[in-house]
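Each remark here refers to the structure printed beneath this line.
The values are calculated or read from the model by the stated rules, or taken from the named source; none is laboratory data. As the structure is a prediction and not an experimental result, all values here were calculated from the model. Cβ: placed from backbone, ideal geometry, glycine included. Neighbour counts: every protein chain shown. Areas reflect the complete protein model, heavy atoms only, side chains present, ligands, DNA and RNA absent. Shrake-Rupley method; radii C 1.70, N 1.55, O 1.52, S 1.80 Å.
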Amino acid sequence: MNRIYNILFLFGMVMLVNVSCLDLEEDTSSLLQVGQIASEADIEANISPIYISVRRTNNDPHFLRTATYGADDITTWIAGNKAPLRVFDRFDYGSGENSDINWLPVAWDNYWRTIYYCNTLIEGLKTATASEALVKLADAEARVFRAHAYLNLVKIYGNVPLILDGYLPTGEEQRATVLENYQQIESDLLIAEVSLPTPGSESTGRASAGFAKTVLADLYLTWAGWPVKDNSKYAMAAAKAKEVIDYNHYTLLPIEELWTFEGAMSTETVFSVRYPADESRWGSQGTAFTFHQGRGFSDCFPELRFFNDFPEGPRKDYTFLLDIPNRNAPGGVITPRNPPTIPWEDSDRGHPMYRKYVFAEDLTVISRPVNFRPYDLYRYAEVLLIYAEAQARVGENASSIEALNQVKRRAAGLPYSVPNATVDVATATPNEIVDEKGWELAAENKRWFDLVRTERVAEMAAKRDPSEPVTLVRMPTSAQYIAPIPFESISLSKLVQNPEGFKIQ
Amino acid sequence: MKQQLNARIKRTVFSGIMLFAVFVLYGQNPVQGTVTSASDGAPIPGVNVIIKGTAQGTATDFDGNFTINASPDNVLVFSFLGYKTLEQTVGNQTTMTIVLEEDAAALDEVVVVGYGTARRSDLTGALTSVSSRDFDKQPLNDVSQALQGRAAGVQVTQTSGAPGGNFKIRIRGANSITGSNEPLYVIDGQFASINTINVNDIQSMEVLKDASSTAIYGTRGANGVILITTKTGRSGKPKFDVDLFTGISNITQKLDLMNAAEFAEGVNFSDGTEVFTAQEIADLRANGGEDWQELLFQTAHFNNIQLSASGGSDAVDYYISGNYYDAGGTVVDHQMFRRLNLRTNLNAKLSDKIKVGLNFNVGQTKATGIRADLGVGLSFDPTTPAFDDNGDYNFNSIKNLATSQTNPLVAAENNVRRNINDRISINGNFNWDILDNLVFNTSGGLVKTDIHNNAYAPLISSGSGRADVDNIYRTNLYNTNRLTYTPDIGEDHSLKIDAIHELVIDRSNSVFITATDFFTDLVTYKDLSAANVQTVANNESKRELESFLGRVNYAFMNKYLLTASFRADGSSVFQKDKWGYFPSGSLAWKISEEDFLKNNETLNNLKLRLSYGEVGNQGINVFGTRSRAVLGLAVNYPFDGTDVTGVAPSNRISNPDLTWEKTKQINIGLDLGLFNSVVDLSFDYYKKNTTDLLLDTQLPPFVGPTNKFVNAGEVENKGFEITLDARILQNDKWNVTSTLSITGNKNKVLSLNDDVQFLVVGDVIRANTFPVNPTRVEVGLPISSFRGYVFEGVYQLGEETEAAQFNKAPGDAKYRDVNGDGLITTDDIVTVGDGNPDFIWGWNWDISYKNWNLNFLLTGSQGNDIYNLQRGRLMALGAQQFHAVHGDYRNRWTSTNPSNIPSGRDGTEILSSQFIEDGSYMTMKNIALSYNVDPDVLDKFGLDGLRLYASAENLFILTDYTGFDPEATASVSNEDADIGIDYNTYPINRSFTFGINVKF
């Protein structure tokens, strides 16, 4: 029997040895909990990624603008890898087709990431222990960027789901209506404009109340046009833009200073995203807007008709580049070729280039032209033109005409605040102001949305230069006003694709 | 000669002592003898010689000689592993000559099973053995090569021809969609990576396939288990074995790409302008342009040296080996792979009851240089020479054609990489026979891996200089305690009970440093302070697993066998449900032991096996269930020029409820031996159902976080395995054997989360390359199903109206409007192919004639599709490509050439059936011819063996596939959801080897 006891004892020993030696718990001390926002330092750390996300969104203009190539201020290369851009340049969409092309999801994914970061901060702030003033400020900052992202999504893709702070994914998400989206954007901005600092008193590089009011003015202008067409919003757009003007903080820079590095951190800047001084990050505007001949990617250049119609003057000289850089990069270093420039007619793309995005280019970092110049989301000229147009819609007045004339004077290389009979107009139709805005903000990712809300896409398409290499597959109608929702989001959710899923109100 | 002399002296002294001893002790008549092998007449050392019915015995010495004291009526029993046991009465003999026949049936062979050993004839589960005998005639440098084609149910795929080898091993298909499907490797009882072992040290490998064999490994057994046993010394004189081989490799074939003049014509066509003048094209036609494939591929050399010494005494045995292997790459440029390995296996008998063993293995691999980016290289502009007239790089295409990427030679020829991987594994065991029927065994060990990856991209290739320094330190500790009890419960019954407790702890510490903006190339990664910007990331993780196991083996009348096991595993990676319980059971019936078959001449073995078991998969990473905040340079923002530290929310939703993936498997097997095992057939049918799949699901981007790990759904794998062994001819001169293995596996997704019909996983391929994932996981289909539009050719002249309906024109691609809504939208994307083969096979032949031996292995795969996206890219599709370079573009559609190769600029889809190809193939994987020098000749030089051999790997491939080769492309990544996609694969090589093996 002893033997059996011994055996049992040994079995027991084997089974029990080290039983409690492992606790099988993960050591989570190295993990930073998400959404744990309490102190001032936590808040600051959670704001940074929002700005990063906004910068990333605007870093690669060719990707961001994929769905806006229907505008008359931009076109693209007829060959190469630009087929996704040509889909929109040619209006080859509108019934759900081409939702699965490259680069279409870039704007979608980027804006939604910004919204996610903003939502996380807004939710975390609800239990933060930092000072009330700081919590309110951070909340306002998150709301202005959330609103800005939503506004762009709705402009590009139509109505989108409302994903707000505290939201947990269910898989049952549906698209809200355009009107519901607008109302949400408005409510965020109305909070933000109150809590954000007045322009000039914000910390360097941060959002101000001027930015919130500008986005709000942009929202009202959009709200008043297609698709909701609530004309009562014109007056609100004008009033909000006027509030920005009345800060008396913003100015127009002399045209020769506008596209310098400093020009995007000046009093003309309403809000711009910044690159670090150590040059560890940069923007690709220069690459996208330069032809291959100049070491760029030939993504984006002006349509011939738009270029030809553009009024002559200093602004045109600073907007377009007619002598196309001719470069190569032996050993990875950008070097001029002989001749160093080629007239645009003889260049590899047979078009002028946009000068505004290569004016402050840097040719020394990599073998492509890059930018460290901050990128403007809004500049004061746009505020003036929003005011001029919105006021003109409800009845122009001296101050709205003055706003338009200030832009025209600067464009002519004149002091903008001094009346000048050679350029000043006494009256202007809304469409004339929209066209002035098109020229002033050419290729700044505004023209397409102006044409859509004013329903003038077909008018411009009809005027397309017949020698333009990219030819249209159809004359655009309102079916082309919004882009298809990127396929990935359609396939992974219950969202309904455009046009069936497009619901205005 | 000296050694032989020494050996003779030792032998004489040894024999003398033995003789003296037996005279003193017993006074019986000494009987002397020699034991030799029937097949080659060579003496067999270590044969057990026992007087039947007693415990008295001895073993043959190193020359096969034995001496034993026995009376004339004694019966001597001669037994040795792999040979038939022979009994012989002593009679009046004083000198006995014993010839042992090899036991072809190998039924009594002892094989390694999970936590123990078993006689092959007693197995109840599905197990395939690969012995070093099966592959030692072929020069190998990787374990995977030894397994490929030789084990039914095991799919070994070479995923790349890069030096150092990249293989994917799957046992009975892939269970998991996003979890790991890698089998568990157990080397001499220790859990370790397959990369830690030198193939030449392997004695045998046992592949555990069914759940009754693998359930003993619980949460780590679901993907099958490969048990590797290394060589040990045998008592006898020291044996030295030297094996040297050297050879060359080249890629098996090149792609059909256009020459420079054809390419230039294509550019003029696609751009619609005269990019090249007629004169320029004529010049290119005369001068040829650049053949990038000629520049990208090169002949590579490889060398292997294996030295080993083994031997031992009754109390101690040893095996010591060293290995050196180096290989260059067939893709330019300075790639070199080098591996060093040193192994010592020691076993000692401390007493009759106590045995100890220590295995010690150290190794280092070094990989240097980076290879040219083939994706860029193949698609590069052939009108641009690699170098300009001054001998400097043409950095980009001169006319900015084909691709905007940089000359592929720039990085390959200038970037520096030095990856060093140091490994130490120590594994000790202690075995104590406490009682006759009770054994306690404890083993423990450490595997320590230090990975140092260093890279530098100089100013010329990166613009500003970039260095990466990664240091990763991993340790794996384990301890297994086992008690085995074999009570005597009567003659007709046998019972064995195992109880086991096990702990496994994995720790990892890593530091990743990236430095950019160097002012000089001189110091590279070795002094990062030369860089303006330095970023550091680190992490630390620990993973624990604790297990309790029990197993019962019971046999009745040696005919009816039962095995039952149970394992409980507790793992630290799951937050709530930490413990998993995994039972299994199996039955076997040795029909051939029944009276009605027992002495059947034809049928010497017939066994039926049936098993069921449940196993798990914990294939997620540490912290895999949690959401982790994102930190680092990517989220720091320079409000006033200087970065402020940021914290971004996780892209992953936490799932505290996450738990094991469970696989239930049923297996029915049949083993059949005919004509004294001249023909052995083994057949297995299995069905595996994996539930609670660990799915890393993608969420739609608009909800915020983009990923979540969930348990959901069910995948079924069912299939069959056939192994047919035949000894076709065996006589004095000839020995011909052949083994055929066929594996068929059908994989099907039975369900996914709730009512979801499909999921998108396997993001590896997509990553900014394709707007839509090329594969998806869909209910009712295999887990890798290719998605795309249905290509129906090109709109021809006369079809303008039909084409215009889809905004197309003649020359544009025509796709099927599957739903008939008059539009080509994503609703028309359907399943267009499947990367899983219907079956794979391997056929090994071993033919010996006198001193010659020919050994070859044919392998093949049938019924798998390949998504040739590489061809799509070379046809100018995808985001990176401007112009077509592929030979198919010569035959592009024009109004005068009404072909079915689209030439329109817009609306051609890369994800379409146009790029689906049949990936079936057959290849001569390895063929080796060797010559064994005659023993008579060897004796003069004091050698035991001398073999010269020449071999070829991938000598030929029969396939319709148009890419480099169908095998490497059968899995471009290790993601099983992406199987069968050809994109940027490194083609596998054809190698020729010459070698020599010396034994003394």
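Here are a few things to note about the model shown:
- The condition (being surrounded by fewer than 21 Cβ atoms within 10 Å (Cβ to Cβ) and either touching a Pro at 6+ places or on another chain (Cβ under 8 Å) or of a type outside the set (Ser, Thr, Tyr) (or both)) is satisfied by just one residue among B:400, B:427, B:437: B:437.
- In the stretch A:254-276, the residues that are in a loop (DSSP other than H, G, I, E, B), free of Cβ contacts under 8 Å to residues at least 40 places away in the same chain and open to solvent by 10 Å² or more (accessible area, probe 1.4 Å): A:266
- Criterion (in contact (Cβ under 8 Å) with a residue 12 or more places away in the chain and touching a Ser or Thr at 6+ places or on another chain (Cβ under 9 Å)) met by exactly one of A:70, A:124, A:80: A:80
- Per-region count, the stretch B:542-559, residues more than 12 Å from every other protein chain (Cβ to nearest Cβ), in contact with an Asp or Glu (Cβ under 9 Å, 6 or more places away or on another chain) and part of a strand (DSSP E or B): 5
To keep it simple, each residue is scored yes or no on (1) surrounded by 24 or more Cβ atoms within 10 Å (Cβ to Cβ); (2) touching an Asp or Glu at 6+ places or on another chain (Cβ under 8 Å); (3) closer than 19 Å to residue A:122 by Cβ; (4) in the same structural domain as residue A:446 (by TED's automatic domain parsing).
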{"position": "A:144", "(1), (2), (3), (4)": "yes, yes, yes, yes"}
{"position": "A:158", "(1), (2), (3), (4)": "no, no, no, yes"}
{"position": "A:168", "(1), (2), (3), (4)": "no, no, yes, yes"}
{"position": "A:179", "(1), (2), (3), (4)": "no, no, no, yes"}
{"position": "A:187", "(1), (2), (3), (4)": "no, no, yes, yes"}
{"position": "A:191", "(1), (2), (3), (4)": "no, yes, yes, yes"}
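- For the stretch A:403-432, a residue qualifies if it is without any contact (Cβ under 8 Å) to a residue 40 or more places away in the chain and either within 28 Å of the chain's Cα centre (by Cα) or open to solvent by less than 10 Å² (accessible area, probe 1.4 Å) (or both), and the qualifying residues are A:404, A:405, A:408, A:409, A:429, A:431, A:432.
- Residue B:660 meets the conditions (1) at pLDDT below 85; (2) closer than 30 Å to residue A:120 by Cβ; (3) within 14 Å of chain A (Cβ to nearest Cβ) in every case but one. The failed one is (2).
- Every listed requirement among (1) at pLDDT below 90; (2) open to solvent by less than 20 Å² (accessible area, probe 1.4 Å); (3) polar (S, T, N, Q) is met by residue B:954 save one, (1).
- For the stretch B:633-647, the condition of being more than 19 Å from residue A:49 (Cα to Cα) and either surrounded by fewer than 21 Cβ atoms within 10 Å (Cβ to Cβ) or more than 24 Å from the chain's Cα centre (by Cα) (or both) holds for none of the residues.
Every residue, every condition in (1) surrounded by 17 or more Cβ atoms within 10 Å (Cβ to Cβ); (2) under 22 Å from residue B:341 (Cα atoms), yes or no:
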{"residue": "B:247", "(1), (2)": "yes, yes"}
{"residue": "B:272", "(1), (2)": "no, no"}
{"residue": "B:280", "(1), (2)": "yes, no"}
{"residue": "B:283", "(1), (2)": "yes, no"}
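- Of the criteria (1) within 30 Å of residue B:185 (Cα to Cα); (2) exposed (fewer than 15 other Cβ atoms within 10 Å of the Cβ); (3) away from chain A (no Cβ under 14 Å), which one residue B:511 fails: (3)
- Any chance residue A:230 is open to solvent by 30 Å² or more (accessible area, probe 1.4 Å) and not basic (Lys, Arg): yes
- Residues of the stretch A:75-99 that turn out to be of a type in the set (A, V, I, L, M) and more than 7 Å from chain B (Cβ to nearest Cβ), as a count: 2
- A Cβ distance below 7 Å, combined with a sequence gap of six or more or placement on separate chains, defines the contacts here; from the stretch B:608-629, residues that are farther than 19 Å from residue B:126 by Cβ and within 10 Å of chain A (Cβ to nearest Cβ) reach residues that are of a type in the set (Gly, Ala, Ser) and open to solvent by less than 10 Å² (accessible area, probe 1.4 Å) in the pairs B:627/B:650; B:628/B:650; B:629/B:648; B:629/B:650.
- Whichever residue in the stretch B:526-541 is within 14 Å of another protein chain (Cβ to nearest Cβ) and of a type in the set (Gly, Ala, Ser) and, among such residues, is most open to solvent (accessible area, probe 1.4 Å): B:537
- Looking at B:944, B:976, B:982, just one residue is open to solvent by less than 20 Å² (accessible area, probe 1.4 Å) and touching a helix residue (DSSP H, G or I) at 6+ places or on another chain (Cβ under 8 Å), and that residue is B:982.
- Annotation: of all residues in the stretch A:479-497 being at pLDDT 95 or above and not hydrophobic (A, V, I, L, M, F, W, C), the one that is farthest from residue B:821 (Cα to Cα) is A:481.
- Only one of the numbered conditions (1) within 14 Å of chain A (Cβ to nearest Cβ); (2) of a type in the set (Ser, Thr, Tyr); (3) under 30 Å from residue B:753 (Cβ atoms) is violated by residue B:815, and that is (3).
- Any hit, the stretch B:323-335, residues being open to solvent by 20 Å² or more (accessible area, probe 1.4 Å) and in a helix (DSSP H, G or I): no
- Evaluated against (1) open to solvent by less than 10 Å² (accessible area, probe 1.4 Å); (2) within 26 Å of residue B:778 (Cβ to Cβ); (3) under 25 Å from the mean Cα position of the chain (by Cα), residue B:928 falls short on exactly one condition, (2).
- Residue pairs meeting the criteria (Cβ under 6 Å; at least 6 apart or on separate chains; first surrounded by fewer than 15 Cβ atoms within 10 Å (Cβ to Cβ), in the stretch B:720-731; second of a type in the set (D, E, K, R) and not in a strand (DSSP E or B)): none
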